[in-house]
Amino acid sequence: MEALELEIYGRYRALVEKTGAFSGRTCPDGEPARVHLSDIIDRYDAFCFDGYGTLYNRGSFVYPGAKEWFAELRRRGKAIRLVTNAASNLDQALADEADARGFDFTVEETISSGSLLKPRDGLSEVYYIGRATGVNVLARNGIAAVENPATPVVAISSSTATDEMYAQALTILRRPGALLLVLNPDAWAPRIDGTRAPVSGELCERLRRESGCAAEYFGKPFPDIWQKVRASLPAGAKAVMIGDTLGTDVYGAYVAGFDSALVVGRNEPAAELDADEKLLGVRPTYYLEP
């Protein structure tokens, strides 16, 4: 991982542990087993999936084997959840987008970081950076996206910031009592061509460091999303989280008390895996092969 990426995910871990919500799980001893889904399908009642980088990417791109995983889990009657840090639209729209790619998640099976934003007293306006559809998440909570909010609050769901937008966000966040709402904490994300790029979590961290503002985080790996996931699953269900990122998916599974399976080589470079695991103190239960 990039140095800043490691710092961001290390900070997330420190913030989670301050809440006392950490499940107490520790790194598995030895190297995780390399498995196919068929090797572990009978061990779990529920399978939670990250979206981008694990099942699909931009547009209609779907990773090899992902539809086959999904179809087999449906055939076997397993509980399936989409647990995503996407905050660019309401859960119904995110479910519809996944369905268009061949994954028929229902809205009840879709749990996004954006869904954790709730109405709050005194907050009716924010400066917003993200995809245009992200205003739907704000509007559902009675919040309007404006150029210069009366209360100094900036909400970010993706890294779609021009230099001018960054400068405006920084100006707002330097005001007394400013708050940064990190609707999508992913720091880096994989591209279809196999490269990786900084995304909203990296943008938010630069703004936080430059402004000195307070920040509030939504989604993986933070506890609230896992509480919502657990509440949606059958009582006593044994669950595994499948994703492509150590700092959100794998560490998030620790927070939830779930096992985890990492798809290596997408958002976690294979050549850097051992070093990154040691630096973050995080290792999955399995490495999942397509």
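The values are calculated or read from the model by the stated rules, or taken from the named source; none is laboratory data. As the structure is a computational prediction, the values presented were derived from the model and not from experiment. No Cβ is skipped: glycine too gets one built from the backbone with ideal geometry, and neighbour counts run over all protein chains shown.
Of the helices (runs of 4 or more DSSP H) lying entirely inside region 85-184, those carrying at least 3 residues that are in contact with a helix residue (DSSP H, G or I) (Cβ under 8 Å, 6 or more places away or on another chain) and touching a residue at least 40 places away in the same chain (Cβ under 8 Å) are 163-173. Is it fair to say Ile192 is within 14 Å of the chain's Cα centre (by Cα) and among the β-branched types (Val, Ile, Thr)? Judged against the criteria, Ile192 is not a match. Within region 173-198, if we keep just the residues that are of a type in the set (Val, Ile, Thr) and surrounded by fewer than 22 Cβ atoms within 10 Å (Cβ to Cβ), the residue that is farthest from Gly53 (Cα to Cα) turns out to be Thr195. Among the conditions (1) free of Cβ contacts under 8 Å to residues at least 60 places away in the same chain; (2) touching a Ser or Thr at 6+ places or on another chain (Cβ under 9 Å), the only one that Ser60 does not satisfy is (2). Does Leu246 meet the test of being crowded, with 23+ Cβ neighbours inside 10 Å, farther than 15 Å from Trp188 by Cβ and not small (Gly, Ala, Ser)? Considered against the rule, which asks whether it is crowded, with 23+ Cβ neighbours inside 10 Å, farther than 15 Å from Trp188 by Cβ and not small (Gly, Ala, Ser), Leu246 comes out as no. Is it fair to say Ala14 is surrounded by fewer than 19 Cβ atoms within 10 Å (Cβ to Cβ), closer than 20 Å to Gln227 by Cα, without any contact (Cβ under 8 Å) to a residue 60 or more places away in the chain and not hydroxyl-bearing (Ser, Thr, Tyr)? Yes; evaluated as a whole, the condition is true for this residue.
Note on region 220-235: residues that are among the polar types (S, T, N, Q) and free of Cβ contacts under 8 Å to residues at least 40 places away in the same chain amount to 1. Considering only residues in region 199-208 that are in a helix (DSSP H, G or I) and out of contact with any helix residue (DSSP H, G or I) (no Cβ under 7 Å at 6 or more places or on another chain), the one that is surrounded by the fewest Cβ atoms within 10 Å (Cβ to Cβ) turns out to be Arg206. Could you check region 231-240 and list, in sequence order, the residues that are surrounded by fewer than 20 Cβ atoms within 10 Å (Cβ to Cβ) and not in a loop (DSSP other than H, G, I, E, B)? Passing the criteria: Ala231, Ser232.
Among the residues of region 209-230, the one identified as more than 22 Å from Ser88 (Cβ to Cβ), crowded, with 20+ Cβ neighbours inside 10 Å and among the hydrophobic types (A, V, I, L, M, F, W, C) is Cys213. If you go through region 59-88 and keep only what is polar (S, T, N, Q) and farther than 20 Å from Gly243 by Cβ, you end up with just Ser60. Say we look at region 28-47 and pick out the residues that are surrounded by fewer than 16 Cβ atoms within 10 Å (Cβ to Cβ) and under 16 Å from Lys278 (Cα atoms); which of these is modelled with the highest pLDDT? Restricting to residues being surrounded by fewer than 16 Cβ atoms within 10 Å (Cβ to Cβ) and under 16 Å from Lys278 (Cα atoms), the top hit is Glu31. Among the residues here, Ala71 does not qualify as among the aliphatic types (A, V, I, L, M), surrounded by fewer than 16 Cβ atoms within 10 Å (Cβ to Cβ), within 24 Å of Arg196 (Cα to Cα) and free of Cβ contacts under 8 Å to residues at least 12 places away in the same chain. Checked against the criteria, Glu268 counts as surrounded by 16 or more Cβ atoms within 10 Å (Cβ to Cβ), over 20 Å from Arg43 (Cα atoms), out of contact with any His (no Cβ under 7 Å at 6 or more places or on another chain) and not hydroxyl-bearing (Ser, Thr, Tyr).
For region 236-256, the criterion of being touching a residue at least 60 places away in the same chain (Cβ under 8 Å), acidic (Asp, Glu) and under 20 Å from Ser115 (Cβ atoms) is met by at least one residue. Taken together, Arg175, Arg191 contain a single residue that is among the charged types (D, E, K, R) and closer than 24 Å to Gly252 by Cβ, which is Arg191.
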